[in-house]
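The values are calculated or read from the model by the stated rules, or taken from the named source; none is laboratory data. As the structure is a computational prediction, the values presented were derived from the model and not from experiment. So basically every Cβ, Gly included, is an ideal-geometry build from the backbone, and we count neighbours across all protein chains shown. All accessible areas refer to the heavy atoms of the entire protein, side chains included, with ligands and DNA or RNA removed. Shrake-Rupley method; radii C 1.70, N 1.55, O 1.52, S 1.80 Å.
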Amino acid sequence: MTTIGLIGAGHIGSQLARLAVKNGHDVVLSNSRGPDTLAALVQELGPRARAATALEAARAGEIVVVTIPLKNIGSVPVEPLAGKVVIDTNNYYPQRDGRIPALEDESTTTAELLQSHLPRSKVVKAFNHIYAAELTTHGQAPGTPNRRALVIAGDDEAAKATVTQLLDQFGFDTVDAGPLKEGWRIQRDTPGYGPRRTASELRQDLAAAKRYRDQ
Ligand SMILES: NC(=O)c1ccc[n+]([C@@H]2O[C@H](COP(=O)([O-])OP(=O)(O)OC[C@H]3O[C@@H](n4cnc5c(N)ncnc54)[C@H](OP(=O)(O)O)[C@@H]3O)[C@@H](O)[C@H]2O)c1
């Protein structure tokens with residue numbers, strides 16, 4: 001049993017909280033408006049859940065998920081996340097996030113931006129290419145034929161092993177895309193972004209991914 005901190009409790013954060021609680025973890029949820037606004041979700045989740053500020057969620061979580069609009073990652077608390085596994089679900093949508101030159105020219109990736117904001121954390125990209133609703137409907141037991149797979153990317157092997165274990169518990173196989181800088185292979189408008197894919201299909205999708213300039 002792990003305490004999972006959630007910075008962001010919207011479509012993805014609330015769904016990951018449901019999966020975490022279902023699998024016996026404690027969750028500390030936070031959003032931008034304050035813990036009071038999360039009362040209904042906490043009530044739904046039951047005694048394993050509580051709402052807090054983002055700072056408190058960052059402090060309390062052994063694993064912390066950052067699942068907020070990308071434009072806001074600069075506000076994610078840094079010190080309490082030092083040394084921790086931080087899961088990054090975020091994607092870049094210029095119409096929502098504003099134009100970010102380093103993502104436009106693909107000199108970096110969304111997760112590398114979070115990693116540079118959190119230099120002492122172990123950032124792992126995960127859950128960025130599945131629709132929120134499917135998180136609680138597409139999971140299957142380990143070993144199920146044609147089980148859905150999700151991509152991870154990260155620079156710390158132990159952190160990736162931790163996230164792989166969590167994914168397995170939540171109902172999904174894992175495909176490791178490699179280091180964070182390879183995360184572009186599962187960004188918006190790549191073949192693997194969105195559809196239900198098995199591990200072997202997803203590996204093909206990653207190999208077939210094209211940079212924006214080549215699409
Ligand atoms: N929706 C999907 O199916 C999906 C799938 C994969 C990945 N993603 C990506 O995952 C991220 C989250 O997506 P979402 O759909 O869950 O977004 P969402 O439904 O809009 O929820 C965003 C959450 O982040 C909170 N938030 C915003 N700024 C914050 C801050 N500075 N500190 C703490 N919390 C903050 C919001 O709180 P308030 O409501 O109080 O403002 C809200 O709880 C995005 O980058 C998105 O592109 C989404």
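Would a scan of region 145-154 turn up a residue that is within 12 Å of the ligand (Cβ to nearest atom), under 15 Å from the mean Cα position of the chain (by Cα), open to solvent by less than 70 Å² (accessible area, probe 1.4 Å) and at pLDDT 95 or above? Within region 145-154, one or more residues are within 12 Å of the ligand (Cβ to nearest atom), under 15 Å from the mean Cα position of the chain (by Cα), open to solvent by less than 70 Å² (accessible area, probe 1.4 Å) and at pLDDT 95 or above. Of the numbered criteria (1) more than 16 Å from the chain's Cα centre (by Cα); (2) crowded, with 18+ Cβ neighbours inside 10 Å, the one L81 fails is (1). Taking every residue in region 60-75 that is open to solvent by 10 Å² or more (accessible area, probe 1.4 Å) and pairing it with any residue that is assigned to a loop (DSSP other than H, G, I, E, B) and more than 6 Å from the ligand (Cβ to nearest atom), at least 6 positions away or on another chain, the pairs with Cβ-Cβ distances below 6 Å are E62/T2; I63/T2; K71/G98. Against the criterion of being within 16 Å of the ligand (Cβ to nearest atom) and over 25 Å from T3 (Cβ atoms), H129 qualifies. Residue count for region 166-214 under the criterion of being within 14 Å of the chain's Cα centre (by Cα), assigned to a helix (DSSP H, G or I) and not β-branched (V, I, T): the result is 5.
Every residue, every condition in (1) within 18 Å of V66 (Cβ to Cβ); (2) of a type in the set (S, T, N, Q); (3) modelled with pLDDT of 95 or more, yes or no:
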| position | (1), (2), (3) |
| --- | --- |
| T2 | yes, yes, yes |
| G8 | yes, no, yes |
| L19 | yes, no, yes |
| K22 | no, no, yes |
| V27 | yes, no, yes |
| S32 | yes, yes, yes |
| T37 | no, yes, yes |
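Would you call T137 free of Cβ contacts under 8 Å to residues at least 12 places away in the same chain, within 16 Å of the ligand (Cβ to nearest atom) and out of contact with any helix residue (DSSP H, G or I) (no Cβ under 9 Å at 6 or more places or on another chain)? When the stated conditions are applied, T137 passes them. Residues in region 84-113 that are without any contact (Cβ under 8 Å) to a residue 40 or more places away in the chain, within 14 Å of the chain's Cα centre (by Cα) and near the ligand (Cβ under 10 Å from one of its atoms): N90 alone. For S14, are the conditions met, namely being near the ligand (Cβ under 8 Å from one of its atoms), out of contact with any Gly (no Cβ under 7 Å at 6 or more places or on another chain) and closer than 19 Å to L118 by Cβ? Taking the combined requirement at face value, the residue does not satisfy it. Scanning region 118-144 for residues that are at positive phi and surrounded by 21 or more Cβ atoms within 10 Å (Cβ to Cβ) gives a single hit, F127. Among the residues in region 193-202, are any over 24 Å from V21 (Cβ atoms), in contact (Cβ under 8 Å) with a residue 60 or more places away in the chain and crowded, with 17+ Cβ neighbours inside 10 Å? Yes, there is a match, as at least one residue in region 193-202 is over 24 Å from V21 (Cβ atoms), in contact (Cβ under 8 Å) with a residue 60 or more places away in the chain and crowded, with 17+ Cβ neighbours inside 10 Å.
Filtering A49, A9, A20 for residues that are on the phi < 0 side of the Ramachandran plot and within 13 Å of the ligand (Cβ to nearest atom) leaves a single hit, A9. Is it the case that S116 is among the hydroxyl-bearing types (S, T, Y), assigned to a loop (DSSP other than H, G, I, E, B) and either over 11 Å from the mean Cα position of the chain (by Cα) or more than 14 Å from the ligand (Cβ to nearest atom) (or both)? Considered against the rule, which asks whether it is among the hydroxyl-bearing types (S, T, Y), assigned to a loop (DSSP other than H, G, I, E, B) and either over 11 Å from the mean Cα position of the chain (by Cα) or more than 14 Å from the ligand (Cβ to nearest atom) (or both), S116 comes out as no.
Considering only region 31-46, state which residues are among the β-branched types (V, I, T) and within 11 Å of the ligand (Cβ to nearest atom). Result: T37, single match.
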